[in-house]
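Below: the structure, in structure tokens.
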Amino acid sequence: MPRLAVGDTAPDFTLPTADGGSLTLSDLRGRRVIVYFYPAAGTPGCTKQACDFRDSLAALQGAGFAVVGVSPDPVATLARFAAAEGLSFPLVSDESREVLQAWGAYGEKQLYGKTVTGVIRSTVVLDAEGVVELAQYNVRATGHVAKLRRDLGLPA
């Protein structure tokens, strides 16, 4: 599965959100956007990562970034996850996995020493025009947001 690289124009999408609406990526043009892909809402690693984004959200927004989380979970699962963890940034559902595949965030990966097919934990940062500034694949859930902030030159 091809991955996005710096300089690529990110594929647009419209996906349902945890709050019952929908989000179209191109509607966020004019702002830098952090799109992160995670395997499953409510699992320990995904919860840690989402809470790290939640806890850094004010600083990220203050630096001009919007944050969007993408998983293959159904909307109802995302709604419960957002409510349970107090997540105020959009979580979108890609049950078909079409967006995950188009962004290179779905495919073969190693899980407990076995090769499986699934969501590849990834983060892609877009500039205000929707062009990839930074693409990170196979990221670790724990400590990823702090590393991302360092990579973006933001204070810790």
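The values are calculated or read from the model by the stated rules, or taken from the named source; none is laboratory data. For clarity, every value in this text was computed on a predicted model and none was experimentally measured. Heads up, the Cβs are rebuilt from the backbone with ideal geometry, glycines too, and the neighbour counts pull from every protein chain shown. Heads up: the accessible areas ignore ligands, DNA and RNA and are worked out on the full protein's heavy atoms, side chains in. Shrake-Rupley method; radii C 1.70, N 1.55, O 1.52, S 1.80 Å.
Can you tell me which of Ala128, Ala66, Ala156 is farther than 25 Å from Thr9 by Cα and not charged (D, E, K, R)?
Ala156
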Restricting the stretch 74-105 to residues that are among the polar types (S, T, N, Q) and in contact with a Gly (Cβ under 9 Å, 6 or more places away or on another chain), the residue that is nearest to Leu28 (Cα to Cα): Gln101
Can Val119 be described as within 16 Å of Ala10 (Cβ to Cβ) and open to solvent by less than 20 Å² (accessible area, probe 1.4 Å)? no
Show me the strands (runs of 3 or more DSSP E) entirely contained within the stretch 8-112 in which 1 or more residues are open to solvent by 20 Å² or more (accessible area, probe 1.4 Å). 14-16, 22-24, 32-37, 106-111
Pairs please, first residue from the stretch 75-86 and in contact (Cβ under 8 Å) with a residue 40 or more places away in the chain and more than 14 Å from Gly21 (Cβ to Cβ), second anywhere and surrounded by 17 or more Cβ atoms within 10 Å (Cβ to Cβ) and among the polar types (S, T, N, Q), Cβ atoms under 8 Å, 6+ apart in sequence or on different chains. Phe81/Thr47
Go through the stretch 122-138 and count every residue that is of a type in the set (A, V, I, L, M) and either touching a helix residue (DSSP H, G or I) at 6+ places or on another chain (Cβ under 6 Å) or buried (at least 19 other Cβ atoms within 10 Å of the Cβ) (or both). 5
Being in a loop (DSSP other than H, G, I, E, B) and either modelled with pLDDT of 95 or more or touching a Pro at 6+ places or on another chain (Cβ under 8 Å) (or both) is the filter here; which residues of the stretch 142-156 pass it? none
Given the conditions (1) assigned to a helix (DSSP H, G or I); (2) touching a Ser or Thr at 6+ places or on another chain (Cβ under 9 Å), which single one is not true for Gln136? (1)
